[in-house]
Amino acid sequence: MDEQRLDGNAAGGILGEVFAFEITTARVTCVNCGATGEVGAQMAYVSEIGTVVSCAACDNALIRIVRQDDGPQRYWLDLKGVEYLQLRERL
Amino acid sequence: MNVWDTHLDPDFGGVPEWMYSRRSTTTGGIGMGRGFISRGFRGRRRRAEGDERVPPGQYLVDGFPVLSAGPTPHTPLAEWSFAIEGEVDEPRTWSWEEFRALPSEKFTRDIHCVTKWSKLGTTWEGVPVDLLLEGVDTTAEYVVAFSDGGYTTNLPLEEVTGSKAWIAHTYEGEPLTPEHGGPARLLVPHLYLWKSAKWVRGLRLITEDEPGFWESLGYHNQGDPWREQRYWGD
Amino acid sequence: MIRVAEAPRKLAWRIGEVVETSPDTPRTKSLFLEVPGWEGHRAGQHVDVRLTAEDGYQAQRSYSIASAPEDDRVELLVERLDDGEVSPYLTDELRPGDGLELRGPIGGWFAWDANEGGPLVLVAGGSGVAPLMAMIRHRKAAGNGTPVRLLFSSRSYEDIIFRKELERLAAGDQTLRITHTLTRSRPEGWTGYDRRIDEQMLGEVAFSPGERPLVFVCGPTPLVEAVATALVGLGHEPTRVKTERFGPTGG
């Protein structure tokens, strides 16, 4: 039992800093295994070094994000594990 | 995008002109001028002003924080191996029994995480990387340490030789726990701790540098805490 | 509450004002915040709270919003962890008039609106009841009759968070059923469950898989994983089970 493994919902905070649309309900398809689901249903590893959202089916890293706040604020966002993201405006 | 392409990114080597530079880690305030202070809050971590053992911008911590980028591997020891491979005349591997039969040394070092915590006087036991590389014939100048679960980190070969690095299996007298990288992790204490790959399974010697998991996503290629090399362009 | 289309926007940190603090159980306290410009939230969502010390050191944690979207104030339920860094500050030091930096609401995936229907199975471990309480309160404020069964694990009777309010809500409402299990100690004469939540207990308490409930599970990671596994074992559809693991107790 891995205490560092959280639900994808936990990545909503850091991802919400760069995505204007609600990200936890975005649909995502894994490049590695083809599984599709909502970001919230995947697994998240959230820490001060960075956040990784990984595929609940195959553990492949879907989304990786790093934020630098000291000096110029910068983000690095890696979406290589994602075939596409479907983001929707909520009514 | 290939990880090698980061070399082509101007940001990888330096901060682009359009981005102003403002280092504030060594002063009291951090971050983007947020300004809000939580009345009466004192963090558990202590500033270590004037302590020469603590690199700039770091705080001392009592516990040993665990930071993860993926599931904690649990490779059975019977399936574990450590490899020296890549640009070498003869690749080598050790099983767990063979690895543990090698001479280990006990050592005490300070460790520094890029997320700003430092821990002084941590005690370890492990096999020097120098020993594992003994007699290896290579023209390679770099290594990639690779781990169970796919984590990688890159270093110049000279940063893991000359008594600077170990494959550590024991922490504070006990077998290294999985959450801290057990059964064995790379330990390179003079660099930020993300270079000390947890769950390490080998070193691949390479002639051209290859940014690893965090190096390809903003973290500095060298990672020297004394020069505060945290991010690209630092 | 009138629901309007949300214009897409990034999350930003802002300062809420603590207007009231209210102890509940020996280990927990509710913080009531007024957040200027708060656009509302959905029941189940959380906020990230950030504390900054004078030397610039920062610590950040997530807290579920326990209040219903219909409430004016944002309520956070904080459990004080003795070796925590943030929770002792929130429960011991923070007082009305203080500012608290937060961002949110976050996490529309782990949320429920009354108009989504159910039936609902809510499974809570300790302070994991917070987002589920928001759902229960929202249901009441919306005058909604979706059948709900809450299975709530606590250490002891005194540690049951929101106990009196839950009793009141359930007393007047046949469609809200609350079942407690007390894992460490029980009061005299206790006839209820006295062990960790397991498949048998869930089978006895929850709606059956045939009734296709929406299930929300929140609490410490070991409880959440055991419950999620048990629910799938009972035949519940994995896509209808949503989990919120607390993760390492570094609060």
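Laboratory data are not the source of any read-out in this text; all were calculated from the coordinates shown. Since the structure is predicted, the reported quantities are computational estimates derived from the model, not experimental observations. Neighbour counts run over all protein chains shown; Cβ positions are idealised from the backbone, glycine included.
In table form, for the structure just shown:
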item	result
Elements of type strands (runs of 3 or more DSSP E) in segment B:90-142, at least 1 residues being under 30 Å from C:Gly56 (Cα atoms)	B:105-112, B:117-128
Selected residue (only one of B:Lys116, B:Lys106 is basic (Lys, Arg) and within 14 Å of chain A (Cβ to nearest Cβ))	B:Lys116
Search result, residues across segment B:195-232 that are aliphatic (A, V, I, L, M) and either touching a residue at least 60 places away in the same chain (Cβ under 8 Å) or more than 14 Å from chain A (Cβ to nearest Cβ) (or both)	B:Val200, B:Leu203, B:Leu205, B:Ile206
Counted residues, segment A:63-86 - those being exposed (fewer than 15 other Cβ atoms within 10 Å of the Cβ) and among the polar types (S, T, N, Q)	2
Residues within segment B:49-89 that are in contact with an Asp or Glu (Cβ under 8 Å, 6 or more places away or on another chain) and closer than 30 Å to B:Thr139 by Cβ, tallied	2
Residues satisfying the stated conditions in segment C:26-85, i.e. at positive phi and more than 14 Å from chain B (Cβ to nearest Cβ)	C:Gly37, C:Gly40, C:Gly44
Residue ranges of strands (runs of 3 or more DSSP E) in segment C:140-251 with at least 2 members surrounded by fewer than 19 Cβ atoms within 10 Å (Cβ to Cβ)	C:176-182
Matching entry among A:Val46, A:Val66, A:Val53 (being within 11 Å of chain C (Cβ to nearest Cβ) and within 25 Å of C:Pro248 (Cβ to Cβ))	A:Val46
